[in-house]
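Trainee: Let me give you the structure first, and then I'll get to my questions.
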Amino acid sequence: MFRFIIVVLYVALFLLSALPYFGIEWILGRCFDKRKSDLRSLHYVQWGFRVVLFLSGVKVTFLGDENIPKGEPVLYAANHRGMFDIVSTYSHVPDLTGFISKDNLLKVPILPFVMKRIYCLFLNRRDPKEGMKTITASFDYIRQGVSMFIFPEGTRNRNEDSTQLLMMHNGSFKAAQRTGCPVIPVAISNSDLVLEKQFPRIRPAHIVVRFGKPVFFKDIPEDQRKNIGDYFADIISGMLKENAQLL
């Protein structure tokens, strides 16, 4: 419980400090080099997440960095086990990246301001028209050179067998289809051991994040494109089984 309190207090202080920091960066981005300002904002959030990992006693092993193309946007598609999926992966992405998140996070004070500053989008699943606007915005971000990170399962997977995924939504991969960017499958193991298994206590754990080889939509067999979610679920499930051998 002590770790949880410390982490919550740190996150609150970090968000408060982010207000003036991002305000200054917004001005600098408008007046000078916007990309450099965006990268500084990315690194600021990454530093904050690394501190959260440290305070939580979490060790993260990253595998497959060589599979992430340099100098071009990608669509990261990962399994979803817990809150530390985002903390662990975002602390490591090499370039500008935004997450597509649930719109209930818009109710958290300050957090939406920070997330929007680093190109995150909020998906409204109750209103199809609003949801489509979010998906379309992700196309625009990718065309501007910003990678996007999605959880195609749509919610946290609570299956005891972590290699058994929920159904992955085909629509999650439209950005890759429309823009031609590669999809990087991401397999995250053990993230739920940190918080979800004994909420609200935080338990130190070893998270493994594996980045798979890039997949281009045009290279996927045509007969499998209609069930593209299943196609990537099979890939990520296999990667999770590889992770299990390290734990």
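Trainee: Restricting to the stretch 130-143, name every residue that is closer than 13 Å to LEU75 by Cα and either of a type outside the set (A, V, I, L, M) or modelled with pLDDT under 95 (or both). Steps first, answer last, please.
Mentor: So the first thing to find is which residues in the stretch 130-143 are closer than 13 Å to LEU75 by Cα, and the list is 135, 138-143.
Across the stretch 130-143, the qualifying residues are ILE135, SER138, PHE139, ASP140, TYR141, ARG143.
Trainee: Would you mention how many residues in the stretch 41-73 are more than 16 Å from the chain's Cα centre (by Cα), in a helix (DSSP H, G or I) and of a type in the set (D, E, K, R)?
Mentor: Going through the stretch 41-73 one residue at a time, the tally reaches 1.
Trainee: Search the stretch 218-247 for residues that are over 19 Å from HIS206 (Cα atoms) and pair each with any residue that is hydroxyl-bearing (Ser, Thr, Tyr) and in a helix (DSSP H, G or I) when their beta-carbon atoms are under 9 Å apart and the residues are at least 6 apart or on different chains.
Mentor: ILE220/TYR231; PRO221/TYR231; GLN224/TYR231; ARG225/TYR231; ILE228/SER172; GLY229/SER172; PHE232/SER172
Trainee: Something else now. Tally up the residues in the stretch 140-165 that are surrounded by 13 or more Cβ atoms within 10 Å (Cβ to Cβ) and over 16 Å from the mean Cα position of the chain (by Cα), please.
Mentor: Qualifying residue count for the region: 5.
Trainee: Checking GLY171 against (1) surrounded by fewer than 18 Cβ atoms within 10 Å (Cβ to Cβ); (2) over 20 Å from ASP103 (Cα atoms); (3) small (Gly, Ala, Ser): exactly one of these is not met. Which one?
Mentor: Among (1) surrounded by fewer than 18 Cβ atoms within 10 Å (Cβ to Cβ); (2) over 20 Å from ASP103 (Cα atoms); (3) small (Gly, Ala, Ser), GLY171 violates only (2).
Trainee: Mind checking which residues of the stretch 176-200 are touching a helix residue (DSSP H, G or I) at 6+ places or on another chain (Cβ under 6 Å), under 30 Å from LEU9 (Cα atoms) and surrounded by fewer than 24 Cβ atoms within 10 Å (Cβ to Cβ)?
Mentor: First, pick out the residues of the stretch 176-200 that are touching a helix residue (DSSP H, G or I) at 6+ places or on another chain (Cβ under 6 Å): 176-179, 181, 183, 185, 187-189, 191, 194, 200.
Next cut, under 30 Å from LEU9 (Cα atoms) only: 187-189, 191, 194, 200.
Selection gives PRO200 alone.
Trainee: Determine which single condition THR97 fails, assuming it passes every other condition in (1) more than 23 Å from MET167 (Cα to Cα); (2) surrounded by fewer than 18 Cβ atoms within 10 Å (Cβ to Cβ); (3) polar (S, T, N, Q).
Mentor: The single condition THR97 does not satisfy is (2).
Trainee: Where residues in the stretch 74-115 are among the hydroxyl-bearing types (Ser, Thr, Tyr), at pLDDT 95 or above and not in a helix (DSSP H, G or I), which of them is farthest from ASP127 (Cα to Cα)? Give the derivation first.
Mentor: Step one: filter the stretch 74-115 for residues among the hydroxyl-bearing types (Ser, Thr, Tyr), giving 76, 88-91, 97, 101.
Remaining after also requiring at pLDDT 95 or above: 76, 88-91, 97.
The next check asks that each one be not in a helix (DSSP H, G or I); those that pass are 76, 91, 97.
Values: TYR76: 24, SER91: 31, THR97: 25 Å.
So the residue we want is SER91.
Trainee: Evaluate the following for ARG178: is it over 21 Å from GLY238 (Cα atoms) and among the charged types (D, E, K, R)? Before you say what the answer is, go through the steps one by one.
Mentor: Details: over 21 Å from GLY238 (Cα atoms): yes; among the charged types (D, E, K, R): yes.
When the stated conditions are applied, ARG178 passes them.
Trainee: Quick one: what pairs do we get from the stretch 7-35, first residue without any contact (Cβ under 8 Å) to a residue 40 or more places away in the chain, second buried (at least 16 other Cβ atoms within 10 Å of the Cβ), C-beta under 7 Å, 6+ apart or different chains?
Mentor: PHE14/GLY48; TYR21/TYR44; LEU28/SER37; GLY29/SER37; GLY29/ASP38
Trainee: Can I ask one more? Any chance the stretch 35-53 includes a residue that's among the aliphatic types (A, V, I, L, M) and touching a strand residue (DSSP E or B) at 6+ places or on another chain (Cβ under 9 Å)? Quick ask: steps written out before the conclusion?
Mentor: Step one: filter the stretch 35-53 for residues among the aliphatic types (A, V, I, L, M), giving 39, 42, 45, 51-53.
Now drop any that are not touching a strand residue (DSSP E or B) at 6+ places or on another chain (Cβ under 9 Å), which leaves 42, 53.
For the stretch 35-53, residues among the aliphatic types (A, V, I, L, M) and touching a strand residue (DSSP E or B) at 6+ places or on another chain (Cβ under 9 Å): present.
Trainee: Inspect the stretch 28-40 for any residue being under 20 Å from ASP85 (Cβ atoms) and assigned to a helix (DSSP H, G or I) and give the result as yes or no.
Mentor: no
Trainee: For ASP38, are the conditions met, namely being over 15 Å from ILE202 (Cβ atoms), of a type outside the set (Phe, Trp, Tyr) and exposed (fewer than 15 other Cβ atoms within 10 Å of the Cβ)? Before you say what the answer is, go through the steps one by one.
Mentor: Values: over 15 Å from ILE202 (Cβ atoms): yes; of a type outside the set (Phe, Trp, Tyr): yes; exposed (fewer than 15 other Cβ atoms within 10 Å of the Cβ): no.
Considered against the rule, which asks whether it is over 15 Å from ILE202 (Cβ atoms), of a type outside the set (Phe, Trp, Tyr) and exposed (fewer than 15 other Cβ atoms within 10 Å of the Cβ), ASP38 comes out as no.
Trainee: Let me ask something else about it. Identify the residue in the stretch 202-237 that is modelled with pLDDT of 95 or more and of a type in the set (Lys, Arg) and, among all such residues, is nearest to LEU75 (Cα to Cα).
Mentor: So, considering only residues that are modelled with pLDDT of 95 or more and of a type in the set (Lys, Arg), the one nearest to LEU75 (Cα to Cα) is LYS213.
The values are calculated or read from the model by the stated rules, or taken from the named source; none is laboratory data. Because the structure is predicted, anything quoted here is derived from the model rather than measured. A quick note on method: Cβ atoms are made from the backbone with ideal geometry, for glycine too, and the neighbour counts reach across all protein chains shown.
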